[in-house]
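Novice: Mind having a look at this structure? Questions to follow.
Read-outs: derived from the displayed coordinates by stated rules, not from any lab. The structure displayed is predicted, hence computed values, not measured ones. Cβ: placed from backbone, ideal geometry, glycine included. Neighbour counts: every protein chain shown.
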Amino acid sequence: MGSKASRNTSIEALRLVAVAGIAIFHTFQWTFQAVCTGVPQYASLAAFPYSGALGCINLLGCWANEVFFMISGYFLIPSAVRVLKNGSSVHDLASKSLARLKKIVFPTLFYCAACLLASMFIYPLPEISLHEIGWLTLGIEFIWVYAASVLLVPVIVLARRQIGSKRAPFVVALLVLATFGINCYIAATANEAVGIVLWRKLMSAVTYLVAFIAAGEMRFVLDDGDKASGTQNSKIVLIGLIAATITLELLLSANSQYTALWMFSYKSTSVISFILAAASVAAAALHQPHRKASAAGKAITSLAAGTLGFYAVQSFTCNVWRPIFDDAINAMAAGVQAGAPNPSGAIVLGIVMSLCLAFTLLIMDIIRRAALGAIKTRMNS
């Protein structure tokens, strides 16, 4: 979701890991909720260390979404600042943002139409019809918030110019602190306050936009530092954060602190996921891959380009694949067939099914792009 000129294999590989994270998170989303709320048939998964593993998995959704936003903000905002400094007008910036917007909206509309037609004439997809609008709005809210963020780049850059480059990091830091202050309140009162779900939805969008802006400012800070030491330090920090997160989740699991597990990994407002996402993007961006393009690098880039298609189709078809996945995970966790509970097998099975689904959807988008390219070539000739 960034400009092609700015892409490198490390960033595209991170984007693929984020796709895998989204797929795994959505597979286990309701399982984790059932574990934290004490649903009896998920008792084997509530034991240590399985609930800790599920807690880590539940962090992946917010982490992955913020990685997508941060990757784009990391490249788009500094690029727009340079363009303005080089004499381009705000109108030029707006034109570029509109051009990027088309690359987001058109593939999304293609998949909207494809899934609607499939639901009408091939296999009925629950809630996908001309009489429903939820699947086009909240169903893919991530995509629309991302589109809005890209469209707001000229506004963000102009605001930064007004604030000044020296004060901008402090203003963004305050924005992040304020956002996650509200997010922590939402996580702490999620099961008590009336209307908190609507607040969470709103703060999800705000959090992603803040992540987009924060990553752009992070780029300026990192560019001012020493690249060699920054590369090494970013990897050490990321490894340390991952180790600390896993340790925390396992400690909560060992002490059966299910409410705390839920709060620390509360969907799209998790501060832990935000910090991990920032560290991941910094480590990937500072790592410089070999200049020579390899077959593996090309494959990674090609697969990662299907992120939007993956997200849209996974969302539109979730009421088809999720019950199947849930039943398979529940059956293995409860030992329906084997006669004894197998929680570790249930987690591995869920991860494998998730990765297979993600890979299938990414390949499908490669086919779409290849077909579109062939049509364009034929029309031009």
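Novice: Cβ under 13 Å from V210's Cβ, V210 left aside: what net charge do those residues give with Lys, Arg +1 and Asp, Glu -1?
Specialist: Result for the neighbourhood of V210: -2.
Novice: Taking the convex hull of the Cα atoms, report for region 308-369 its projected area averaged over all directions, in nm².
Specialist: It is 4.3 nm².
Novice: About its Cα centre, what dipole magnitude does the chain give when the only charges are +1 on Lys and Arg Cβ and -1 on Asp and Glu Cβ, stated in debye to the nearest 20?
Specialist: So the dipole magnitude of the chain works out to roughly 1640 debye.
Novice: Tell me what the chain gives for mean residue ellipticity at 222 nm when only DSSP H runs of n ≥ 4 count, each as -39,500 (n - 2.57), the sum divided by the residue total, rounded to 500 deg cm²/dmol.
Specialist: Per the formula, -27000 deg cm²/dmol.
Novice: Turning to a different aspect of this structure: If you take the Cα Rg of region 17-112 and divide it by 2.2 N^0.38 Å, with N the number of residues, what do you get?
Specialist: Details: Rg = 20.4 Å, N = 96, 2.2 N^0.38 = 12.5 Å.
It is 1.64.
Novice: Pull up the cross-link candidates among the aspartates and glutamates for K166, meaning alpha carbon to alpha carbon under 17 Å and not fewer than 8 places away within one chain.
Specialist: E217, D223, D224
Novice: Taking 0.36 nm per residue of separation and subtracting the Cα-Cα distance, what length does fully extending L175 through S294 add?
Specialist: That pair, L175 and S294, stretches by 38.8 nm at full extension.
Novice: While we're here: Taking the number of other C-beta atoms within 10 Å as the exposure measure, put D326, D226 in order starting with the fewest.
Specialist: Values: D326 17, D226 10.
Ascending Cβ contact count within 10 Å gives the list D226, D326.
Novice: What helices does the chain have that are whole DSSP H segments, at least 20 Å long along their own axis by Cα, and with mean Kyte-Doolittle hydropathy of 1.0 or more?
Specialist: 9-36, 50-85, 168-188, 196-224, 227-254, 271-286, 343-380
Novice: May I pose another question? Given that compact globular proteins tend to follow 2.2 N^0.38 Å, what is the ratio of the alpha-carbon Rg of the chain to that value?
Specialist: Values: Rg = 21.4 Å, N = 381, 2.2 N^0.38 = 21.0 Å.
Relative to the rule-of-thumb radius for its length, the chain sits at 1.02.
Novice: Continuing with the same structure: How far, in nm, would the chain grow between E141 and S302 when pulled straight, counting 0.36 nm per residue and subtracting the alpha carbon separation?
Specialist: 55.5 nm
Novice: Under the 0.36 nm per residue contour assumption, what length would be gained going from the current alpha-carbon distance of R378 and S89 to full extension?
Specialist: 100.4 nm
Novice: A further question on this structure: Find how many whole Å separate the alpha carbon centroid of region 8-79 from the alpha carbon centroid of region 89-123.
Specialist: Here the answer is 25 Å between Cα centres.
Novice: Among N58, N183, N86, whose mean-square fluctuation peaks in a Gaussian network model of the chain (Cα, cutoff 10 Å)?
Specialist: N86
Novice: Quick one: if the Förster radius is 56 Å, what FRET efficiency do C184 and M120 give, using the C-beta to C-beta distance and rounding to 0.05? Working shown, then result.
Specialist: Details: r = 44 Å, r/R0 = 0.79.
FRET efficiency, C184 to M120: 0.80.
Novice: Here is a further query. Could you tell me the calculated FRET efficiency between K235 and E132, based on Cβ-Cβ distance and R0 = 41 angstrom, to the nearest 0.05?
Specialist: That pair, K235 with E132, gives E of 0.35.
Novice: What's the longest piece of the chain with no exposed GluC sites (Glu not before Pro), counting a site as exposed if DSSP puts it in a loop and it has at most 15 other beta carbons within 10 Å?
Specialist: With a cap of 15 other Cβ atoms within 10 Å, the longest stretch comes to 193-381.
Novice: Right, here's the next one. Loop-only trypsin sites (Lys or Arg not before Pro) in region 128-189, please: DSSP not H, G, I, E or B, and at most 14 other Cβ atoms within 10 Å.
Specialist: Working: sites: R160, R161, K166, R167; in loops: K166, R167.
Answer by residue number: K166, R167.
Novice: Label R167 and I242 with points 7 Å out from Cα along Cα→Cβ: what is the distance between them in nm?
Specialist: Simple spin-label model gives 4.0 nm for this pair.
Novice: Could I ask something else about it? Name the most mobile residue of I128, I236, I71, meaning the one with the largest mean-square fluctuation, in a Gaussian network model of the chain with Cα contacts below 10 Å.
Specialist: I236
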